[in-house]
Structure formats: structure tokens, C-alpha cells
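The values are calculated or read from the model by the stated rules, or taken from the named source; none is laboratory data. For clarity, every value in this text was computed on a predicted model and none was experimentally measured. A quick note on method: Cβ atoms are made from the backbone with ideal geometry, for glycine too, and the neighbour counts reach across all protein chains shown. For the accessible areas, the whole protein counts, side chains as well, though only heavy atoms, and no ligand, DNA or RNA atoms are used. Shrake-Rupley method; radii C 1.70, N 1.55, O 1.52, S 1.80 Å.
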Amino acid sequence: MSEKIETKNFLQDLERFARVRGEVAGHLGAIAQTLELAESENEKQSGRLELDRDIEDLKKTSKSLREGVFRLLVLGDMKRGKSTFLNALIGEKLLPSDVNPCTALLTILRYGKEKTVTVHFNDDTPPEKIDFKSFKHRYTIDPTEAKQLQQQQKLAFPNVDYAVVEYPLNLLEKGIEIVDSPGLNDTEARNELSLGYINNCHAILFVMRATQPCTLGERRYLENYIKDRGVTIFFLINAWDQVKESLIDPDDPEELEEAAEKLQRVFQANLGEYCQVNGSNLYEERVFQISSLIALRKRIKDSDTSLEGTGFPEFMGSLNKFLTKDRAIAQLEQAKTLALQINDRVKKSVERRIPLLEEDVKQLKQKIDSVKPEFELLQEICTDFQQEIRTIRDRKSQKIADSFHDYVLNLGNTFETDFLRYQPDLSFLDFLSAGKREAFESALTEAFEKYVNDKLSEWSLSAEKEMDSAFANLSEIAITYGASYSKVTDKITEKLTGQKIRRLSNYTQEDDAPAWAKWAAGIFSLARGNLAGVAMAGAGFDWKNIILNFIAVFGVGTIISSFTGVVLGPVGIGLLGLGVGLVQADRARKELVKAAKKELVKYLPQVANEQSPKVRDAIKECFDTYEKEVTDRMNDDISARKAELDNLVKQKESFEINQSTEIDRLRKLEADIEFVSQKIETAYRSFVTAV
Ligand SMILES: Nc1nc2c(ncn2[C@@H]2O[C@H](COP(=O)(O)OP(=O)(O)OP(=O)(O)O)[C@@H](O)[C@H]2O)c(=O)[nH]1
Ligand SMILES: [Mg+2]
């Protein structure tokens, strides 16, 4: 396939990174294999060095590096041209696009030799491969059906998880995966589908439309779900071609320039704050004016054509820099750190083993006895760190649960102003005439859901910040405990070998930390995002259920009934059908909010009391998951160190070890691992200097 759309550089850069990534993954795999072979040989000779955990970490990292893709999520309000943008990238009208709400499924676009589409289900139904025509036909939203679904707050295809489109496109082959999402702002159920995916992605491509600059809905999503979440966003202001169309005289260059400048100012004012990264303004590198439809048309005619003037080359250039430089370096750095860590571990094990080979069993046992106090110290460090985690866990989970409790109780104080922006736009009072009550009720339910979702999202942001600071704190503590731990293990080595440990002067406390401490400090976490995010995801923090419970508790029906009583009363009912003026409508609106507030306030203490223990438990669980992983790793390390010595005793007791061949073998192992880790270091350095 010849696609020229991706600037040539982008493909080359992706290719280069894929090569380095593959190379480094291969080296990590080779280290794992060498260690595995060495361990089975060790078992027959002077005893295993107990490197299982290291081998497992190497294999995992190698695998995830090899399979690693950059995942981008295309997000935006309905009908901004998300699917058209993706079609333009592909160069074919492949994904369904329409003037009506259309995309109903999260659709993952990834590389495949053949064009295929497979629908995955969230029940027991096996994945189904279908042709594109049936896909378009069966899995897009029918406009008449859409309205009904919206009223019932239902998903169009509730048992579908997502769809995967495979396509033979260079960009995808080189390690990019792009996810098309259903338009926001239609139903809350569909919003969740799209917004829930944010954390699985390396960046968001937020598509807006030049002719509808920064709508209320868009500002709501950005403000509530994206701001301050630490995720990189590229804004694509699509359909820029329509700016010209909307002029009185489309051929007047001055009028066009003026209109464009005006629009740019609006976008700048609204998007500026999302482009501030560590104090620098990245607006130019994050916001792009594009025309997907024109790009798509050009590419359908000639797939090799230049896309100049459509905004695509500029955007692709910036995306390239972000992915193949910033993100790529961060990924390789983790692999390099792991290799260094394991190289160091092997070296120290060999350094301990060699001098001990010449000791007889009795001397050896005495030496092992002599380091018992040090092993007890290691155990103490482990218990102390565990205790620190628990103290922080208890303090934070209580604090966050209290903050939830207060937040919920206080909702009533600002409800009247907050709820105004969500109020359904139906002509009030009208709803009481026969057929409209249902429509009004569903609009009001939706308004409540939006309000509650937004409010909880606002609170969860503060909770996440609280968690971030807790984990940042734990990370520092881990490094400090790690340093004390390393001192003790050095002491053990010194006592056993009678030799002083040489310290590399350029090593920092962090470099020197044992593997478990690096893990606990988040240095090895390969998952996207921060430790808090990873731990929270691991604990299955179920916001959705909390929200649903919340709505179930105060129910919309009661509000409407009490509102009907307040506004209309027995006399008011008689007024129905006589028509109401603006003044009455406005009064009704206020009364509705008041009635809603009254009901809400009644239920808030119950919600706060019932839900805050759940919040506390969920937060606790985050810390427990973390504590378990860290203590498992610490205990593993301590037992491995003990076993390393016991294995040698056992072997010595059963046969005479040939010292000189064993020394040669161990030295060779040490040299082999050093050689491969040097290769990783070199690959990393040359990549960093080249980009
Ligand atoms: N003029 C113009 N029209 C565009 C452009 N991009 C998309 N459109 C049109 O906008 C309409 C919506 O496009 P889609 O790609 O379906 O939008 P979407 O955001 O995927 O829509 P949903 O999936 O329903 O949210 C279609 O009629 C497109 O042809 C553009 O750059 N310029
Ligand atoms: Mg779409």
C-alpha cells in the first residue's frame, strides 16, 4: 500500500522506534533466556541464584515492549467529523459517517493484512466477523430509533463491547492504534462508553467543528472529564473549509481572514488552558485547523496526493514528535532501568557466590549464621514499610470518605445555581398535557444524570489528587526504605565475602534502590498514568455504581409529583390548556428547581451515609492492592537471598563442586548479562541522541 498521507518522516520515525523497541525487547528476552538456562545449570552445580522474579519481570517487560502500540482516542461531540477524520487517514470511506448520529460502538482501528471488522460482545456471544456493509447496516444508529433510545437512556447495542477494524495501513503497522468513539452529548450511557476509555489511551484527539466553536456541551466535557487528568490532548478543529462557505462573499480574502481570526480567538480563549504543560504554552503544537472531508476526497481520488492545505501534515508532524520522541523515550527508559537493575542483581549474586565456593560446609553454615541479624533487619524494614502504607491508607481513606460525605451534603447549597444549566429545554407546563409527561420526565431524568455525573466527576478529581499526593509520598518513602535495605544487603554481602562493596559514585539513591522499592516508587510501572491511577483501576473503583445508586435513591418521579403539587395545586390544574405566558413559565421553572432541591436535600444525608463507607472501602482497597504487591516483592527478595545461600549449602553437602570450572561458568554468566545490558544502554543512548 502506498500512503503518503503520513508525512514521510512520521513513518520513518515510527519505524525507527519500532526497530529500537523490537531490539530492546529482544535483548530483554535474551537476558531472561540466559538467566533461565543459567538457573537450570546452577541447580546441578553450586545451586540456584533464585532469579525467578527477575526473569518474570524481564519477560513481561519484553512482551509489553514488543507488543506496545500507541493508542489514540478520537473523542468529541456528536457530528464533529470524527469518523470522517479517520476515513481521511485511511484514505477510504470505511467507517460509517453520516449527518445523523451514527457511530454507536467504540471502534478500534488496528493493523491487519486484510480489511476485516469483528464485533466483540460483553456476554458469552463469541466475537463475530462481519463484512463492512453489514457492519454499517447493523451497527449504526437509526435516526428514528435514536430518539427513543435517548428518552429511555439506553445504549443502542447493550450487549456489544466494541468493534475491531483491521486495515493494512502503514501508520497502523508501525504501531499506532486509533479508536473511534460515539459522539458525546447524546445519551449519558453513550458518553460513558467514550469517556470510560480515556485512561486506556496515550493521547486524545478531540475533534471540534469550526462552525460550532466551543459549545456548552464541549466545554462541559473538557472541564469535567479531561481537565487536570494528566492526559495529552490534541484539538482538531474540523471542517475549517466551512468557514469560507459561511461568508457573505466566499471569494473575499479579507472577509475570510477576518472570520478566521475571530474564530481563532474564540478557540484560543477556550482551549488555551488545556495546552499548558509544566508552565510552557504548547498551543501551536496541540491545536490544528483541519478539513477532514477535503482530505478524504483528495485521498479517494489519489492516495498519493499531497494534503497540503487540509491541516493534516501539520497535525501529523506534531503527533509524530509527541509519540516518537517524548513517549518513546519514556518507554525505553523503563526497559533500560530494568536491565541495569537485573545486571546489578546478577553481579552481586555472583560476587557473593564465588568466594563462598572455597568454604567447607561448616564454615559456610557459620557465615550464614553470622548474617542472621541482618536478615532480621531486612524483615523489619519490610514490616515498617508495610506499616507506613497502612497508616497512610487509613488516614487517606477516611479523609477521602469524609470529603465525599461533606461534598454530598453540601450539594443542596449550590443546587439552584448549579442545576440551571442542565434544565430540560421543554416548554414547561406543556408537559402535563397528555402525551408530554413522559417526554418531560425523561428529559428531567437525563438532566439529573448529567448534573450528578458532573458533580461526581468534580469530586472524583479532588479525590484523585488526594490519591496522587498519597502515592507521591509513598514513592519517596519507598526510596528511603529501599536505601536502608540496600545498605543491609551490602552488609550481608560484605560479611559473607569479606570484601567491601564498591559503590559507583554516579549512582543515585534511586538507582541503588532494590527492585521492590523501584516498583513501589512507580519507576517500573509500565501502565499508562501514575501509580494512583493504576492502583485505583486495579481496585475496581466503581464510580458508575455509586452514581446509579445515587439516582435510584432520589428518583425523578417524586420530584415531579411534588412539583405538580406546588405549582399547580388543585386550582392550577384548571388552568391547563388555557396557555401560559412567559412569566408563568419562568416561575414554573424556578418552582421546579425548588421542588427538586427540596427532594434532593431530603435524601442527601442518606446518600452521604450509605455511600461514604463504600468510598472508604474502595480507597482502602487501592492501598491494599499496592501493599500486597510491594510486600510480596519484598518477601520474595528476602527469601530469594536466603535460598541463594541455602542452595549452596545443600549442593556442597551432596557433592564436591569443581571450583575453577564453576568460577568460570559464573563469571561467564556475569559477563554475558553485562554484555547484553550494555547493548540496551547503547540502543537507548543512540535513540535519545538521534531524536
Ligand atoms: N464540510 C465539511 N464537512 C465535514 C467535514 N468532516 C466531516 N464532515 C461532515 O460532517 C458529517 C458528520 O461526519 P461524521 O464523520 O459522521 O461525524 P462523527 O463525529 O463521526 O459523528 P458521530 O459518530 O455521529 O458522533 C458528515 O456529513 C460529514 O461528511 C469537513 O472537514 N468539512
Ligand atoms: Mg462517527
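Taken across the stretch 32-40, residues that are away from ligand 2 (no atom under 13 Å from the Cβ), among the β-branched types (V, I, T) and surrounded by fewer than 22 Cβ atoms within 10 Å (Cβ to Cβ) do occur, with at least one present. Taken as a whole, the condition of being of a type in the set (D, E, K, R), over 20 Å from R352 (Cβ atoms) and open to solvent by 60 Å² or more (accessible area, probe 1.4 Å) applies to K594.
Could you please give the count of residues in the stretch 202-248 that are among the small types (G, A, S) and in a strand (DSSP E or B)? Spell out the reasoning first.
Start the filter on the stretch 202-248 by keeping residues that are among the small types (G, A, S), which leaves 203, 210, 217, 230, 239, 246.
Pick out the ones that are also in a strand (DSSP E or B) and you get 203.
Residues that pass the stated criteria total 1.
Remark: L666 falls outside the filter, which requires a residue to be modelled with pLDDT of 95 or more, open to solvent by less than 70 Å² (accessible area, probe 1.4 Å) and over 20 Å from T34 (Cα atoms). For the stretch 297-341, the tally of residues that are within 30 Å of the chain's Cα centre (by Cα) and either of a type outside the set (S, T, Y) or within 16 Å of ligand 2 (Cβ to nearest atom) (or both) stands at 28. Go through the residues of the stretch 351-358 one by one and say whether even a single one is open to solvent by less than 30 Å² (accessible area, probe 1.4 Å) and in contact with a strand residue (DSSP E or B) (Cβ under 8 Å, 6 or more places away or on another chain). No, the stretch 351-358 contains no residue that is open to solvent by less than 30 Å² (accessible area, probe 1.4 Å) and in contact with a strand residue (DSSP E or B) (Cβ under 8 Å, 6 or more places away or on another chain).
Listed here are the residues, each with its yes/no results for (1) crowded, with 17+ Cβ neighbours inside 10 Å; (2) touching a Cys at 6+ places or on another chain (Cβ under 6 Å); (3) touching a residue at least 24 places away in the same chain (Cβ under 8 Å).
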residue: F267; (1), (2), (3): yes, no, yes
residue: L271; (1), (2), (3): yes, no, yes
residue: Q276; (1), (2), (3): no, no, no
residue: L323; (1), (2), (3): yes, no, yes
residue: E333; (1), (2), (3): no, no, yes
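Within the stretch 133-143, the set of residues being under 24 Å from P168 (Cα atoms), touching a residue at least 12 places away in the same chain (Cβ under 8 Å) and either of a type in the set (K, R) or surrounded by fewer than 16 Cβ atoms within 10 Å (Cβ to Cβ) (or both) comprises K136 only.
For the stretch 48-95, filtering for residues that are in contact with a helix residue (DSSP H, G or I) (Cβ under 7 Å, 6 or more places away or on another chain), near ligand 1 (Cβ under 7 Å from one of its atoms) and assigned to a loop (DSSP other than H, G, I, E, B) leaves 2. Only one entry in L155, L172 is touching a residue at least 60 places away in the same chain (Cβ under 8 Å) and either assigned to a helix (DSSP H, G or I) or surrounded by 17 or more Cβ atoms within 10 Å (Cβ to Cβ) (or both), namely L172. The set of residues from the stretch 182-201 being at pLDDT 75 or above, within 16 Å of ligand 2 (Cβ to nearest atom) and not in a strand (DSSP E or B) comprises P182, G183, S194, L195, Y197. Restricting attention to the stretch 70-125, the residues that are on the phi > 0 side of the Ramachandran plot and more than 10 Å from ligand 2 (Cβ to nearest atom) total 1. The number of residues in the stretch 389-411 being touching a Leu at 6+ places or on another chain (Cβ under 8 Å) and crowded, with 17+ Cβ neighbours inside 10 Å comes to 4.
Checking every residue in the stretch 625-641 against the condition of being touching a Gly at 6+ places or on another chain (Cβ under 7 Å), within 30 Å of E441 (Cβ to Cβ), surrounded by 15 or more Cβ atoms within 10 Å (Cβ to Cβ) and not basic (K, R) gives zero matches. Here L205 meets each of (1) open to solvent by 30 Å² or more (accessible area, probe 1.4 Å); (2) within 30 Å of G279 (Cβ to Cβ); (3) within 16 Å of ligand 2 (Cβ to nearest atom); (4) of a type outside the set (D, E) with one exception, condition (1).
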